Amino acid sequence: MPRILLHIGAHKTATSYMQKKLALNVDLLARRGIHYDPLDVFRKNFTILLNEGVTRENEFVQTLRGTARGMTILVSEENIMGVPGDLPREHKYYIRARERLARTAELFHTATPEIFLSLREYAGFAVSMYSEYIRHQKYLPFAEYRAIFEASNFSWLSVIDDIHAAVPGAKLTLWDFADFRNLEKQVFQSMLGFDPDIFENPVGPVRESFSEVAIRAIEVLSGALKHNEVRKLINPIARNLPKGDQYPAFDPMDAEAKASLKARYKADLAAIAAKYPAVTFIGNRP
């Protein structure tokens, strides 16, 4: 049976950094018996097949299954579970995660994938997902986005429930994004089965984060320009007004809201650990 490793995010948990690092080391991975397709290749040829109503296969999938007969397949694609636009459009993050994960396992002809997922506390996750949304979609004030988020009652426990329902035979490994800097070596080692110190490392920031003033600039421009015109300016704005000492980070939630969401997050981690004792936690188990 092929060994399929699925790193499925979540979004805004250093996935771009991890994908860049894996792409830099494709040849090294291949020498270790691991096949990895860079994100742009995989997304264009595989993730598109997870869209609603698509039941076909393609040559890319068939070739990948053939490769799996002799090599481990490693995938790193956060859009397997869904996209940041799920919340504004359908009022729930990862609303079709169950169906999309089941389809992914079906395309790989596996019932026992090894799934790797980083979780993030809810306040930071919501703000970062909002930033990702307005990077690509028509501007939406954060107050409106936050109201949708709060009404959704989003929970990582429900995401884990969906993963378990989609692929009951999966081996699931989780870690807290807040600890990623300290856990990075363990995460890659758990995923790959060897010491990642031999990897070539990415240089420089993977993507600029939004500052408060950058968000304000996007808001003002969105009231004066068409959406396609604003989109062309998003990355230059982020580059020229980067989060840092000069420009504080976009941080729209008050301390009380953050504390409440953090407490809920900790409770949900404990609930996941209690409900799914077979789940592996990298770092301290809740």
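Net charge near residue 129, counting Lys/Arg +1 and Asp/Glu -1 over other residues with Cβ under 10 Å of its Cβ?
That works out to 0.
Counting other Cβ atoms within 10 Å of each Cβ, which GluC sites (Glu not before Pro) in region 33-89 have at most 10 and sit in a DSSP loop? List each step's numbers first, then the result.
Numbers: sites: 52, 57, 59, 77, 78; in loops: 52, 57, 77.
Loop-located and lightly packed - 52.
Cα axis of helix 255-275 to longest principal axis of the chain: angle in degrees, 0 to 90, nearest 10?
20 degrees
Which net charge results for the neighbourhood of residue 204, defined as the other residues with beta-carbon distances under 13 angstrom from its beta-carbon, given Lys and Arg at +1 and Asp and Glu at -1?
So the surrounding residues net to +3.
Just to verify a number: FRET efficiency for residue 190 and residue 262, C-beta to C-beta distance, R0 = 25 Å, to 0.05?
Plugging the Cβ-Cβ distance into 1/(1 + (r/R0)^6) gives 0.45.
Angle between the Cα long axis of helix 142-152 and the longest principal axis of the chain, 0 to 90 degrees, nearest 10?
The helix 142-152 is inclined about 50 degrees to the chain.
So what's the angle, to the nearest 10 degrees on a 0 to 90 scale, between helix 156-166 and the longest Cα principal axis of the chain?
30 degrees
Give me the 1.4 Å probe accessible area per residue for the chain, excluding ligands and nucleic acids, in Å².
Working: 13940 Å² over 286 residues.
Ligands and nucleic acids excluded, the figure is 49 Å² per residue.
Over 23 Å between C-alpha atoms is what I'm after, so list which of 21/258; 20/44; 185/275; 92/185 land there.
21/258; 185/275; 92/185
For region 121-169, which trypsin sites (Lys or Arg not before Pro) pass both filters: DSSP loop (anything but H, G, I, E, B) and at most 14 other C-beta atoms within 10 Å?
Hits after loop and neighbour filter: 138.
So if we plug the beta-carbon distance of residue 275 and residue 106 into 1/(1 + (r/R0)^6) with R0 = 41 Å, what FRET efficiency do we get, rounded to 0.05?
That gives a FRET efficiency of 0.95.
The values are calculated or read from the model by the stated rules, or taken from the named source; none is laboratory data. None of the values given here were measured: they were computed from a predicted structure. Positions of Cβ are backbone-derived with ideal geometry, glycine not excepted, and every protein chain shown enters the neighbour counts. Quick note on the areas: whole protein, heavy atoms, side chains included, nothing else; ligands and nucleic acids left out. Shrake-Rupley method; radii C 1.70, N 1.55, O 1.52, S 1.80 Å.
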